[in-house]
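The values are calculated or read from the model by the stated rules, or taken from the named source; none is laboratory data. Just so it is clear, the structure is predicted and the values come from calculations on it, not from any experiment. Note: ideal-geometry Cβ built from the backbone for every residue, glycine included; neighbour counts use all protein chains shown.
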Amino acid sequence: MRISNYMELNHRQIRLIFNTNRTETFKEVYHAHQGMEWLYVHEGKGRAIIDRHIFELDSGTFLYFKPFQLHHVQMFTSADQPYIRSLFIFEPHVLEHYLIPFPALNEVLQRMLLDRPENQIIRSLDRREMDKLFNVHRNLLNDARPSEVLEQQALFILSLLSLLKATGKSTAKLNARPAASAATAEQIMGWVDKHYMEPFQLETVSDLVHLSPAHVSSLFRKTVGTSITEYLTARRIREASLLLKKSSLTVQEIGEAVGLTNFSYFCQLFKKHAGLSPHQYRINTPQSGDLLRS
């Protein structure tokens, strides 16, 4: 499990990756990163966890994640079940200039930045239209001069926003009666989100859901794809990342605020999962009004 911050967005503020086969190279990670992420599943089956809600994924699903929103994608791959996806990551503020003539498209983007998890999964997009759009813009980018690349990238994002606006969003709905294991896992993640700053005791969680500690651990890993401790770490590092960017607290105070009171351990853990020390992270990532709490 790794918290990824996509630090390269500081230098290349839009990244477009079209139609990539990830069947053999896909790795499950918890993300809590700089920039907005759009993901389109051309082929594959799996599940996504967004703000502790669990959603099923299949071919033709489009989903998006807000800046610094904790999320996890788990794909079930095999020789008979490939995973082919397109991935687009960008800083929303980069589009401000390009969106000035298109207030309706800007409204779509701003709504996405505020959406609830159940609105972040879209299944109603026409797959032929999506493939056509991707192919056209991939060819335009391949032919673009270096000075034109950012403009062509922004044009693609605006074109996809226009398609989203024209299609209307048929969103994933939270199951009225989720499977017992999913409901229990969501309850555990909800508890972690409220108590991540406190010392963690598995027995406390097991008492909450009325199951043995061993059963709780097994159920959570099978349902979510990681251990409770890994989820807790992701939650703490995500919160620390936000505090480093948006507060004037010292690094030691931030560690204490997220439940990591041993200063050296906090610095070591943060660097392991974010790729930079807390101090390096603070001075190397720009401040932005688009970094919303999920």
If the requirement is being farther than 30 Å from His215 by Cβ and either among the basic types (Lys, Arg) or modelled with pLDDT of 95 or more (or both), which of these qualifies: Gln110, Gln153, Gln120?
Gln153
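Could you say whether any residue in segment 47-66 is over 23 Å from Met189 (Cα atoms), in contact with a Pro (Cβ under 7 Å, 6 or more places away or on another chain) and not in a strand (DSSP E or B)?
The initial filter retains those residues of segment 47-66 that are over 23 Å from Met189 (Cα atoms), namely 58-62.
This time we only want the ones that are in contact with a Pro (Cβ under 7 Å, 6 or more places away or on another chain), so: none.
Taking every residue of segment 47-66 in turn, none turns out to be over 23 Å from Met189 (Cα atoms), in contact with a Pro (Cβ under 7 Å, 6 or more places away or on another chain) and not in a strand (DSSP E or B).
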Would you confirm, using the coordinates I've provided, whether Leu269 is among the hydrophobic types (A, V, I, L, M, F, W, C), in a loop (DSSP other than H, G, I, E, B), within 25 Å of Leu202 (Cβ to Cβ) and at pLDDT 90 or above?
no
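Please indicate, with yes or no, whether at least one residue in segment 217-228 is aromatic (Phe, Trp, Tyr), under 22 Å from Leu57 (Cα atoms) and crowded, with 16+ Cβ neighbours inside 10 Å.
Just the residues of segment 217-228 that are aromatic (Phe, Trp, Tyr), to begin with: 220.
With under 22 Å from Leu57 (Cα atoms) added as a condition, the list becomes 220.
Remaining after also requiring crowded, with 16+ Cβ neighbours inside 10 Å: 220.
Checking segment 217-228: at least one residue is aromatic (Phe, Trp, Tyr), under 22 Å from Leu57 (Cα atoms) and crowded, with 16+ Cβ neighbours inside 10 Å.
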Show the residue pairs that are 6+ apart or on different chains and have beta-carbon atoms under 7 Å apart, the first residue being within segment 102-118 and part of a loop (DSSP other than H, G, I, E, B), the second being of a type outside the set (Asp, Glu).
Phe102/Leu158; Leu113/Lys66; Leu113/Pro92; Leu113/Leu292
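Would you point out which residue out of Ser206, Ser248 is part of a helix (DSSP H, G or I) and either in contact with a Pro (Cβ under 7 Å, 6 or more places away or on another chain) or modelled with pLDDT under 95 (or both)? Quick ask: steps written out before the conclusion?
Values: Ser248 fails: part of a helix (DSSP H, G or I).
Exactly one residue qualifies, and that residue is Ser206.
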For Leu291, work out the one condition from (1) surrounded by 19 or more Cβ atoms within 10 Å (Cβ to Cβ); (2) at pLDDT below 95; (3) in the same structural domain as Ile237 (by TED's automatic domain parsing) it doesn't fulfil.
(3)
